[in-house]
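K.L.:
Next up is a structure, given as structure tokens.
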Amino acid sequence: MKWFGGSASPGLAGPLPADNRGIGDLGEELAVSFLERNRYRILERNYRCKGGEVDIVARDPRDKSLVFVEVKARRGLSYGVPQLAVTPFKQRQISKAALTWLAKHRHQDTNARFDVIAILWADGGAPTIEHIVNAFELAY
């Protein structure tokens, strides 16, 4: 599912941050806004544990499955599309964090999947948001 934003969300307008951390934070805000507009329920953000981290944990409104979302945001294509940054190593880290989250919340028997939300500001214009459902399988 792709979305081409004009005004992605009120309050998120303005110049792009110059640093990567700022771009990442803005990307996560846009991803949460995008998911909420699509009726996902956000359960947790920036879950960290010894094995890794998950940017967003959400509940899919259609089938009630848990969704572990990795957000990748970029200002341009000089390093390729954002989703390419979700490497096998990163997938293992996300998987470990997801397994820890599931155990901590006693949801081991719940349907779950891994999605990626890729956000790209090409030529300094409005962001393009691509939601890649079931982007990868559990990797550990």
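Read-outs throughout are calculated quantities, based only on the coordinates presented, and are distinct from any laboratory measurement. Bear in mind that the values here come from a model prediction, so they are computed numbers and not experimental data. Don't worry about glycine lacking a Cβ; one is built from the backbone with ideal geometry, like all the others, and counts go over all protein chains shown.
K.L.:
If you put +1 on each Lys and Arg Cβ and -1 on each Asp and Glu Cβ, how big is the dipole of the range 84-140 around its Cα centre, in Debye rounded to 20?
P.N.:
On the way: 6 positive and 5 negative charges, 78 e Å.
With Lys and Arg at +1 and Asp and Glu at -1, about 380 debye.
K.L.:
Please get the size of the charge dipole for the range 2-136, origin at its Cα centre, with Cβ charges of +1 on Lys and Arg and -1 on Asp and Glu, quoted in debye to the nearest 20. Spell out each step's value before the answer.
P.N.:
Working: 20 positive and 15 negative charges, 87 e Å.
Dipole magnitude for the range 2-136 comes out near 420 debye.
K.L.:
For the charge dipole of the chain, defined by +1 on Lys and Arg C-beta atoms and -1 on Asp and Glu C-beta atoms about the Cα centroid, which residue among ALA58, ALA122, GLY76 has the Cα displaced farthest towards the positive pole?
P.N.:
ALA58
K.L.:
Moving to a separate point now. Using a Gaussian network model of the chain with C-alpha springs under 10 Å, which one of ASP55, ASP123, ASP115 is most mobile by mean-square fluctuation?
P.N.:
Answer for the Gaussian network model of the chain: ASP123.
K.L.:
Under 5 Å between amide H atoms, partner at least 5 residues away or on a different chain: which partners does ALA135 have, H built in plane at 1.01 Å?
P.N.:
Under 5 Å from the amide H of ALA135 lie the amide H atoms of PHE114, ASP115, VAL116, each far enough along the sequence or on another chain.
K.L.:
Continuing with this model, one more query. Rank LEU35, LEU120, LEU99 by mean-square fluctuation in a GNM of the chain with C-alpha springs under 10 angstrom and give only the top-ranked residue.
P.N.:
Comparing LEU35, LEU120, LEU99 in a Gaussian network model of the chain, the most mobile one is LEU99.
K.L.:
Where the Cα atoms of the chain are projected onto their three principal axes, how long is each span, largest first, in whole Å?
P.N.:
Taking the Cα atoms of the chain, the three principal extents are 43, 30, 22 Å.
K.L.:
For THR87 and SER65, calculate 0.36 nm times their separation in residues minus their Cα-Cα distance, and state this gained length in nm to one decimal. Walk me through the intermediate numbers first.
P.N.:
Values: separation 22, 0.36 × 22 = 7.92 nm, distance 2.38 nm.
Full-extension gain reported as 5.5 nm.
K.L.:
Which of GLY24, GLY52, GLY80 moves the most in a Gaussian network model of the chain with Cα springs under 10 Å?
P.N.:
Highest fluctuation among the options: GLY80.
K.L.:
If you don't mind, there's one more thing I want to ask. Return the calculated 222 nm mean residue ellipticity for the chain, to the nearest 500 deg cm²/dmol, obtained by summing -39500 (n - 2.57) across DSSP H runs with n ≥ 4 and dividing by the residue count. Numbers along the way, then the final one.
P.N.:
Details: 2 runs with 35 residues, N = 140.
Rounded to the nearest 500, it is -8500 deg cm²/dmol.
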